Structures are given as C-alpha cells and as structure tokens.
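Worksheet: the structure to be examined is printed underneath.
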Amino acid sequence: MTADSSECCDKILARIDAVHEDLGSFAPRKDLNITSKPLPANGAVLMGFPGSGLVGTIALQYMVDQLEFEQIGSMNSRYFPPLAMMNKGLINDPVRVYAKNTGDYAIAAIVADIPIAPPICYEIASAIMAWLEPFKPKEVLTIAGIVTNEPEKRVFGVATTPEALQRIQDHTLVLPIGSISGIASSILTECKARNIPAIGLLGETINAPDPRASAATIEVLNKMYKLALDIQPLIEQAVEIEQSMGKLAEEVQQSADAGPKKDLPMYG
C-alpha cells in the first residue's frame, strides 16, 4: 500500500465517522406533531374523533362553534390518511385544538375530521396523553358512538375511576360489562395508566351521520359543565338526514320491486 492510498483510506474512514455522527444526531420522527398554545391548567379536555355515527366529531364541533371556542392549535401525523377537509373553500386542519373558559370550567377540545385506523390508535393516544400530561388536566372526556339495534338515543357511560364514574352515573346508563374499541378506548386506557381521571360517553347510533345521537351526548355535557347549549339545530339536521335516508330507501326498494326489464334483448 502506498502513502497516497493510505491517506485516501484515512479520508474515507474519517468521512464514514462523520456520517455516523450526523445520523446519530438525527431525532427520531415523532408519531404526532402538535402545534398549540398552552392548554388551561387543571381544566377538562374533551375529545371527539370520527367513528360510528360521527357522534363525537359532530357534538364537539357543534359545541366549539356555538360557544365560540378559540382554535389554539392543530395536530398532524405521518400516520394520518392523506385527506384534507375543506370548509367554504378553505383547507381545515385534520385535528384541531380549541379552548375556552366558560366561567364555571376551563375546557379544551380536540376535534378530528379524519378517522384513526386501529393499528395506530396506541401511538396517537400515547402521543396525545404525553403532550397533555404536563398541563395536569382535571379530567379527560371522550365521545364516541355505539351501534345498537334499538331506536332510542341513549348515552352510555364508562370511566377510569370510581370518582369519575360518580360524575356521570346520574346522566348516563353505566355499562356494567363489555368492551369498547377504537381511539376512544386507547385514550381511556392511557388515562388509566397515567392516573388521569377519564370518562367515555357512548351515544347510541347507527352507521350513518347521526346528529340526534350527538344531541343526546350534548345534553349530558350541558349537565356536567353547565353549558346551556341549545340542541334544537342538531335535531333539525337529524330530521333532514332521516328524511333523505328514508327517501333513498324508498327509491332502492322501488328499483328492487321493478325487477329486470324482460323486453330488453339482454334478458332474452
């Protein structure tokens, strides 16, 4: 080996060492990127993600709109689907953070327009709770839908502590046994592990947008947080949706009853 080749090898090794140092200095990619003003300390944090009937998303978006909550932040993630929601031509953040002091309570709300796929529920829930924990939330409340075969719009309740359960036992039907799934279950499980009181409200719904079920959960929020929210506009939306679905069902039934047109050549 010549002196020149030895010097060349030394340069290559030095470059490899430099690359290793650069790679080592890179921070791992975050599961969730959150840009937000600080949340109210010792306040309540309410969360609504799309699920059955869109119960949580409809209820909390209605609440922040009607009570004029301030949007203080947003969330995004490499795990989120490549989907952008629009409102009057303007792009909306996929997950938004709102806050307001209602007088009796300091409330923060996390409202999502995009569904969280089951394989990433743990990562998203863990990242949200790691961000929330320093603000020492007094309680966390999630709203979701539960599909039943009953026409009623009951609200079922679950909690992570006996004290939290006592907060809702007069306003909901407490689920004695069973299981829940999705991001709401991951949030509740994370709260349980971190000793943060948490409540789950499950509005009885169908597999379609259900403002009536959302209105039922808002009635519970009114009692818990003294919000005095008028649910009549949601009921009117529910009537419109139900009428549209009924009309669609009639059209489908009429098409089925008509059967194939036998006079066409394709039917012989």
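For segment 142-226, the Kirkwood estimate of hydrodynamic radius, built from reciprocal distances between every pair of different alpha carbons, is 13.1 Å.
Taking amide H atoms as placed 1.01 Å from N in the peptide plane, the amide H of L173 lies under 5 Å from those of V155, F156, G157, each 5 or more residues away in sequence or on another chain.
Cα gyration tensor of segment 15-164, axes a ≥ b ≥ c as square roots of the eigenvalues: rounded (a/c below 1.5), prolate (a/b > b/c) or oblate? Verdict is prolate for segment 15-164. The mean accessible area for residues of segment 123-186, using a 1.4 Å probe and ignoring ligands and nucleic acids, is 53 Å² per residue.
Please tell me which of these pairs span more than 26 angstrom C-alpha to C-alpha: K30/K136; K100/K136; K30/K223? Correct reply: K30/K223. Our summary gives segment 148-188 a relative contact order of 40 percent, counting only alpha carbon pairs under 8 angstrom and 6 or more residues apart. Loop-located trypsin sites (Lys or Arg not before Pro) across segment 36-100 with a Cβ neighbour count of 14 or fewer within 10 Å are R78, K88, with loop assigned by DSSP. Listed peptides 158-171, 198-211, 110-123 appear in the order 198-211, 110-123, 158-171 once ranked by packing, highest mean of other Cβ atoms within 10 Å at the front.
Report D for segment 29-98 in µm² per second (integer): Stokes-Einstein, Kirkwood Rh on Cα pairs, 4 °C, 1.567 mPa s. Approximately 95 µm²/s, per Stokes-Einstein.
The values are calculated or read from the model by the stated rules, or taken from the named source; none is laboratory data. Since the model is a prediction, treat every value here as computed from it, not as a measurement. Methodologically, a virtual Cβ is constructed for each residue, glycine included, from the backbone with ideal geometry; neighbour enumeration extends over all protein chains shown. Keep in mind that these areas ignore ligands, DNA and RNA; they rest on the heavy atoms of the full protein, side chains included. Shrake-Rupley method; radii C 1.70, N 1.55, O 1.52, S 1.80 Å.
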